[in-house]
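The values are calculated or read from the model by the stated rules, or taken from the named source; none is laboratory data. It should be emphasised that the depicted structure is a prediction, and the values quoted were computed from it without experimental measurement. Every residue, glycine among them, receives a Cβ derived from its backbone with ideal geometry; neighbour counts consider all protein chains shown.
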Amino acid sequence: MSVGQAVVTAEEFKQIAVETDGLVELVRGEVIEMSRPGAKHGYVCLNVGSELRGWARAGGHGRAVSNDAGIQTERDPDTIRGPDVYFIREERLHGGTLPDGWLEVPPDLCVEVLSPNDRWPDVIEKISEYFRLGVPEVWVLDPATHEVRAHLNAEGLPVVLRDGDTLTSDRLPGFECAVSELFEGC
């Protein structure tokens, strides 16, 4: 943030996000521009979102949300992040429905899909914010290497899965997906 620049609140950010086509995040009061990630990124986001949605709908487990829908990870100064996909159990949603704005409770899972412009320090910062918020599990999908890094806690190393492996989660009972399905066509 430059000297003299005002800290933006979550409320003020709502209008900024609308005016900028949503290609921004709010990080500790500073509006950060994001670049469009590209077709491969979007394809992998759709694949993982489709897998989560299919599992969630079949078992009435909750909602899978995509398209960088915001979640508030920090307050004062405010941070609004846009995970590529997230999942939240239905019973954690007020009235069983998603809010019109961003999510203000921690989802059960956040998914980040790497794009060519992502830098690992920034990705690790996001993962750390998700864990501090109370998100119990974070997946990072890498279309370039066809790897899924399943972060199961803030301290430990991620479980790395590749083509030929099956992605499961203790937090998502009954969910399973071949890693190759997530990157099929890439």
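For a quick check of your reading of the model, give me the residue pairs whose first member lies in the stretch 4-24 and is under 13 Å from Asp76 (Cα atoms) and part of a helix (DSSP H, G or I), whose second is at pLDDT below 75 and charged (D, E, K, R), with beta-carbon atoms closer than 6 Å and at least 6 apart or on different chains.
Matching pairs, first to second residue: none at all.
Being touching a Pro at 6+ places or on another chain (Cβ under 9 Å) and farther than 20 Å from Ser35 by Cβ is the requirement here; does Gly134 meet it? Explain how you work it out, then say what you get.
Details: touching a Pro at 6+ places or on another chain (Cβ under 9 Å): yes; farther than 20 Å from Ser35 by Cβ: yes.
Spelling it out, Gly134 is indeed touching a Pro at 6+ places or on another chain (Cβ under 9 Å) and farther than 20 Å from Ser35 by Cβ.
When the residues of the stretch 161-186 are filtered to those that are part of a helix (DSSP H, G or I) and touching a residue at least 40 places away in the same chain (Cβ under 8 Å), which remaining residue is nearest to the chain's Cα centre (by Cα)? Please lay out each step first, then the result.
Step one: filter the stretch 161-186 for residues part of a helix (DSSP H, G or I), giving 179-183.
Keeping just the survivors that are touching a residue at least 40 places away in the same chain (Cβ under 8 Å) gives 181-183.
Numbers: Glu181: 19, Leu182: 15, Phe183: 17 Å.
So, considering only residues that are part of a helix (DSSP H, G or I) and touching a residue at least 40 places away in the same chain (Cβ under 8 Å), the one nearest to the chain's Cα centre (by Cα) is Leu182.
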